[in-house]
Every structure is written in structure tokens, then in C-alpha cells.
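Undergrad: I have a structure I would like to understand better, so I am pasting it below and will then ask my questions one at a time.
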Amino acid sequence: MTRKYDGALKNKERTKQKFLDAVGEIIKKDGYTALKLRNIEAVAGVDRKLLYDYFGSINNLVESYIRQKDFYMGLADKARELVKENESDFGNKMIQKILIDQLDCFIDDDYLQQIVLWHISEPNELLTEISEEREKVSRIFVELTDPHFEGTDVDIRARLALIAAGIYFLVLYAKKTDVLFCGIGMNTAEGVERIKKAISSLTEEAYSLADRQKKGY
């Protein structure tokens, strides 16, 4: 009995993953506008009835896919733990690592790039909802950094926003045009490494500047 149950459960999970993979393949090949029931069924190779059995709707399926791929959603469960582990330097090293990991994740994931393009191309209630949840996760991290900058004119949130937005833009620009930006090619290992070093140095400089201002320098 247990063996049959385990087999059925594994089959269900495999089928669900086929639907999720189909969403990614369609977005990558034909764009988000092609996320139609008939297309998902054809790419997944699974009866559409199971889509409704397991996800309830196409919208729920797409939401599950995006949550599975999103970088910050992947940090949600361990955000508080990471904050506790990085209290000693007000999150300096943690923030650097998160931003560099975000760059690595985004530059390697064609599917995630398409999702971001989708979001900035047209209003979408689902993507807006996920963005708001992503913002809640990132807020947990910046709440750790804020006390270090109190009493200074260093706006760490604005600096981090520019870095995070720059990651999205530089990667998408390189992928879509293969043209240098300020002489840096994000389609090369050298270019990516230069941006990673800049992320670290910009963050370090912000923390150091706040230290100097608090000491009256």
C-alpha cells in the first residue's frame, strides 16, 4: 500500500514538473503571450485535465513557475536566519553576496530574464503581486543595514536600488544587443567579474562613508 502511494505521489510530482517546465519553454521560445492552455498541454505532453487537478488554473500554474524561478522568493524562508548571522557588520558582507548571487542567477537564467521583460512590458496583476512579495523579502535585509546609516546622508536603500536595477538592465541589454555598455561586455567573464567587483566596492564605500561621517570626518 505504501509503495503504491509513494509511486502515485512521485507520478503526481513528475506531472506537475512537466507543466512547470512547459511554462518555461513557452516563455523562452514564444514569449508570455503564448501561455495558452493548448500550448501548455502540447509542450507538457500531459492531459489538460491534470493541470486543473494539480494547479486549479493556468494563472496558478504560471504563479508556481515564477515563484520557483524567482531569486528573492528562494531566499524568503531563510531571510531571518541570514539576518541573525550577519548582525555584526550590519549586513555589509551579506548584502554584497546577495547582489552578486542575484547577478549570477539572472545572467544564467534565460527564463527569468523573459519573466522580467514580461513584467516591465505590460501591467500584470500576478507579477505585481510577486514583486510586492519580493519587496517584503528584500526589506528584511535592508532593515538590518538601516541602523548603520542613521545620522548620515548615505542613502543605502537608494544605492542598493541602483545596483539591483543595474544588474537587470546590464544583463538584459547584453543579451538582447550584445553591445558593450560603458566599454563593459556582460557576455564575457571579464565583464561580469568587473561588475561583481564594482558591486562589492560600491557597497564597502557606502559603509565606510557612513563610518567616517559618524566620526566627524
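Undergrad: Just give me the residues in the stretch 40-65 being touching a residue at least 40 places away in the same chain (Cβ under 8 Å), crowded, with 16+ Cβ neighbours inside 10 Å and farther than 15 Å from Gln17 by Cβ, in sequence order.
TA: Glu63, the sole residue that qualifies.
Undergrad: A further question on this structure: Against the condition of a type in the set (Val, Ile, Thr) and part of a helix (DSSP H, G or I), how does Val83 come out, does it pass?
TA: Here the answer is yes, as Val83 does meet what is asked.
Undergrad: Quick check on my filter: what residues within the stretch 94-118 are surrounded by fewer than 15 Cβ atoms within 10 Å (Cβ to Cβ) and in contact with a helix residue (DSSP H, G or I) (Cβ under 6 Å, 6 or more places away or on another chain)?
TA: Listed by number, the list holds a single entry, Asp110.
Undergrad: In the stretch 144-171, what residues are under 19 Å from the mean Cα position of the chain (by Cα) and of a type in the set (D, E, K, R)?
TA: Matches in the stretch 144-171: Arg157, Arg159.
Listed here are the residues, each with its yes/no results for (1) surrounded by fewer than 19 Cβ atoms within 10 Å (Cβ to Cβ); (2) touching a helix residue (DSSP H, G or I) at 6+ places or on another chain (Cβ under 7 Å); (3) at pLDDT 95 or above.
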| site | (1), (2), (3) |
| --- | --- |
| Ile120 | yes, no, no |
| Leu126 | yes, yes, no |
| Phe149 | no, yes, yes |
| Ala158 | yes, no, yes |
| Phe169 | yes, no, yes |
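Undergrad: Right, here's the next one. Name the residue that is farthest from Ser201 (Cα to Cα), counting only residues in the stretch 151-185 that are in a helix (DSSP H, G or I) and among the β-branched types (Val, Ile, Thr).
TA: Looking at the filtered set, the residue picked out is Thr177.
Undergrad: Oh, and also: Could you list, in sequence order, the residues of the stretch 44-80 that are outside the structural domain of Val116 (by TED's automatic domain parsing), farther than 23 Å from Glu122 by Cα and either within 24 Å of the chain's Cα centre (by Cα) or assigned to a helix (DSSP H, G or I) (or both)?
TA: Residues satisfying the conditions are Ala44, Arg48, Lys49, Leu50, Leu51, Tyr52, Asp53, Tyr54, Phe55.
Undergrad: Quick one: which residue in Glu132, Glu143, Glu85, Glu41 is assigned by TED's automatic domain parsing to the domain that holds Gly166, among the charged types (D, E, K, R) and farther than 26 Å from Ala198 by Cβ?
TA: Glu132
Yes/no matrix, rows are residues, columns are (1) of a type in the set (Lys, Arg); (2) farther than 26 Å from Glu135 by Cα; (3) modelled with pLDDT under 90:
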{"position": "Lys18", "(1), (2), (3)": "yes, yes, no"}
{"position": "Glu41", "(1), (2), (3)": "no, yes, no"}
{"position": "Lys49", "(1), (2), (3)": "yes, yes, no"}
{"position": "Ile58", "(1), (2), (3)": "no, no, no"}
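Undergrad: Name the residue that is modelled with the lowest pLDDT, counting only residues in the stretch 171-217 that are more than 20 Å from Asn92 (Cβ to Cβ) and of a type in the set (Gly, Ala, Ser).
TA: Among them, the one singled out is Gly216.
The values are calculated or read from the model by the stated rules, or taken from the named source; none is laboratory data. What you see is a predicted model, and the numbers here were worked out from it, not measured in a lab. Note that each Cβ is placed from the backbone with ideal geometry, even for glycine, and that neighbours are counted across all protein chains shown.
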